[in-house]
1. Consider the stretch 135-188. How many of its residues are touching a Phe, Trp or Tyr at 6+ places or on another chain (Cβ under 8 Å), among the hydroxyl-bearing types (Ser, Thr, Tyr) and closer than 28 Å to Thr104 by Cβ?
2. Give the residue that is farthest from Phe125 (Cα to Cα), with candidates limited to residues of the stretch 96-110 that are in a helix (DSSP H, G or I), free of Cβ contacts under 8 Å to residues at least 60 places away in the same chain and small (Gly, Ala, Ser).
3. Could you count how many residues in the stretch 62-81 are among the small types (Gly, Ala, Ser) and exposed (fewer than 13 other Cβ atoms within 10 Å of the Cβ)?
4. Please verify whether Glu56 is under 15 Å from Ile156 (Cα atoms), at pLDDT below 95 and within 18 Å of the chain's Cα centre (by Cα), treating the condition exactly as stated.
5. Taking the conditions exactly as written (surrounded by 15 or more Cβ atoms within 10 Å (Cβ to Cβ) and not hydrophobic (A, V, I, L, M, F, W, C)), does Asp115 satisfy them or not?
6. Is it true that some residue in the stretch 62-72 is more than 24 Å from His188 (Cβ to Cβ) and assigned to a loop (DSSP other than H, G, I, E, B)?
7. Answer yes if at least one residue in the stretch 22-30 is at pLDDT 60 or above and farther than 25 Å from Thr111 by Cβ, and no otherwise.
8. Confirm whether Ile37 is closer than 19 Å to Met162 by Cβ, of a type in the set (A, V, I, L, M) and assigned to a loop (DSSP other than H, G, I, E, B).
Amino acid sequence: MHIDNQFMWEYYKKVIDHIRDHVYKIKRRNKKEMNEITNVPTAQNDKIELMRSNFEHRATWMGLIYDEAKTRGIDLEETIRAAILKTGCIHGGPIKASLPADATVKDFALTFLNDNGVKCFQMTFPQITAEKVDVEFGFCPLVSAWQKLGFDQKTIVKLCDMAMDGDRGIAETAGIDFKLGETIAKGHSCCELHFSKPTSK
């Protein structure tokens, strides 16, 4: 059977062009769905840099465990989330114990978000009242770690939300409502954390 080489070349060229067009459309769609991550740290003293390094180390463990399990066909998201939430609840216990019975959301936030943490994550506070505290993180060492590992943005977004279960656990244990807004992982300029007084049921 004779095969026309020119015909086959034209055929494969069309297939390759089709695949390239498909990949290009996916990239354009992904670019529309997410902005490029901007996560730039400002220089700090050795103590804060060490603190950032420790956060990166923990994030590296978390990310590699999740990714390695995934490559083996194991979805550990639910398990990791449960463990991180439990860790948050453990850390939230001493915070709650240190606060008076009539503590405000502001009291909680200023205890939880200490000076070192503020510098580490480059936090600012757009709003601080007795019943509501809004916090913005200008830098995230966890995202930095996942970027260094070469994870794609979709994975970083998932890991970010999983890690935030720790903050959810801390707030829950302290009796504070917590809501996560935009994040650096999604390409926003900062991570938005909202703490508020629980609504009456």
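1. Number of matching residues: 0.
2. This residue is Ala97.
3. The qualifying residues number 1.
4. For Glu56, the condition - under 15 Å from Ile156 (Cα atoms), at pLDDT below 95 and within 18 Å of the chain's Cα centre (by Cα) - is not met.
5. Working: surrounded by 15 or more Cβ atoms within 10 Å (Cβ to Cβ): no; not hydrophobic (A, V, I, L, M, F, W, C): yes.
Taking the combined requirement at face value, the residue does not satisfy it.
6. Looking through the stretch 62-72, at least one residue is more than 24 Å from His188 (Cβ to Cβ) and assigned to a loop (DSSP other than H, G, I, E, B).
7. no
8. Yes, satisfied.
The values are calculated or read from the model by the stated rules, or taken from the named source; none is laboratory data. No experiment lies behind these values; they were computed from the predicted model shown. For neighbour counting, all protein chains shown are included, and Cβ atoms are generated from backbone atoms with ideal geometry for every residue, glycine included.
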